[in-house]
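K.L.:
Below you will find the structure I want to go over with you.
The values are calculated or read from the model by the stated rules, or taken from the named source; none is laboratory data. As the structure is a computational prediction, the values presented were derived from the model and not from experiment. Note that each Cβ is placed from the backbone with ideal geometry, even for glycine, and that neighbours are counted across all protein chains shown. Only protein heavy atoms, including side chains, enter the accessible area calculation; ligands, DNA and RNA are left aside. Shrake-Rupley method; radii C 1.70, N 1.55, O 1.52, S 1.80 Å.
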Amino acid sequence: MCATYGFFENSFLSDEQDWGVEIPPLGEPEQAARLREWMREHGGRARITGRHARNLNPLIFAGERSRELRFAWWWLHVGGSPAKFSAFNSRSDALVAKWRTAFQRRAIAPAAWFDEKGARFALAGQAFGMAAITTSARTSAGEALDTYSIVTREAVGAVAPVHNRMPLLVPRELHDAWLDPERVGDAELIGAVVSASDELSRALDIVTDDEVDEDTPALF
């Protein structure tokens with residue numbers, strides 16, 4: 001299995017789901033329908049995009065008037081092409097120095113679980129938003145394309161014994177600040193989000209590992 005995160009089958013496939021209320025705009029009927037369509041097509045799993053796998057994954061951006069759900073390439077593009085170095089994740093402590101340009105265009109990757117080293121981590125009964133940084137590119141047909149990298153932090157709680165890194169979960173009260181295009185991406189912003197993410201990060205638990213290959217590579 002490739003590095004992955006996603007949703008449980010019964011989370012957004014039901015018209016009666018209410019998880020989207022936690023991460024606007026996923027609670028809106030039109031956006032929930034788009035997400036359900038993506039889940040049916042991809043089995044609810046977000047996979048790294050590459051030369052052969054051209055999948056795009058759901059990502060939340062700040063729009064002109066409200067938040068927007070768009071589908072993006074999971075591997076940052078640099079200079080219009082996929083970066084030649086590893087660019088599917090980006091360390092929180094290197095955003096200002098290494099990823100400063102992409103740090104100015106932020107998004108949130110919605111999820112209900114992520115896999116790491118043979119374990120699946122989730123929050124009890126709720127979805128969460130992972131911090132992402134993004135760039136813009138063009139498809140071969142000239143269409144606009146969003147690309148992204150998941151921001152990681154030092155692992156805490158149940159994840160720490162499994163791996164030393166984990167995705168940076170953005171608490172709902174900081175979603176607006178993280179998405180705000182007018183807010184400069186700097187050390188103060190990333191410090192605030194990392195600090196505020198502790199409670200959510202420590203609430204994660206292993207929910208199942210029987211569907212995960214023991215040879216799964218490190219996601220973060």
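K.L.:
Which trypsin sites (Lys or Arg not before Pro) does the range 33-62 hold that lie in a coil by DSSP with at most 11 other beta carbons within 10 Å?
P.N.:
Of the trypsin sites (Lys or Arg not before Pro), the ones in loops of the range 33-62 whose Cβ has at most 11 other Cβ atoms within 10 Å are Arg51, Arg54.
K.L.:
A further question on this structure: Go through the range 49-62 residue by residue and turn each phi into a ³J(HN,Hα) via Karplus (6.51, -1.76, 1.60, θ = phi - 60°); whole Hz please, and just put x for glycine and proline.
P.N.:
3J(HN,Hα) across the range 49-62, in whole Hz: 7, x, 4, 9, 8, 9, 5, 10, 10, x, 9, 9, 10, 7.
K.L.:
Averaged per residue, what accessible area in Å² does the chain show with a 1.4 Å probe, protein chains only? List each step's numbers first, then the result.
P.N.:
On the way: 10620 Å² over 220 residues.
Roughly 48 Å² per residue, with all protein chains present.
K.L.:
Whole angstrom only: what separates the Cα centroid of the range 26-63 from the Cα centroid of the range 84-152?
P.N.:
Using only Cα atoms, the two centres lie 13 Å from each other.
K.L.:
Over the range 21-84, consider all pairs of different Cα atoms and compute the Kirkwood hydrodynamic radius from their mean reciprocal separation; express it in Å, one decimal.
P.N.:
For the range 21-84, the Kirkwood estimate is 13.0 Å.
K.L.:
Can you send over the carbon and sulfur percentage of the accessible area for the chain, probe radius 1.4 Å, protein chains only?
P.N.:
The computed percentage sits at 47.
K.L.:
Then there is this: As a test of the formula, what do you get for the chain when each DSSP H run with n ≥ 4 contributes -39,500 (n - 2.57) and the sum is divided by the residue count, at 222 nm and rounded to the nearest 500 deg cm²/dmol? List each step's numbers first, then the result.
P.N.:
Working: 7 runs with 47 residues, N = 220.
Only helices count here, giving -5000 deg cm²/dmol.
K.L.:
Could you pull out the trypsin sites (Lys or Arg not before Pro) across the range 55-129 that fall in loop regions by DSSP (anything but H, G, I, E, B) with no more than 14 other Cβ atoms inside 10 Å?
P.N.:
On the way: sites: Arg65, Arg67, Arg70, Lys84, Arg91, Lys98, Arg100, Arg105, Arg106, Lys117, Arg120; in loops: Arg65, Lys84, Arg105, Lys117.
Counting only loop positions with at most 14 other Cβ atoms within 10 Å, the trypsin sites (Lys or Arg not before Pro) in the range 55-129 are Arg65, Lys84.
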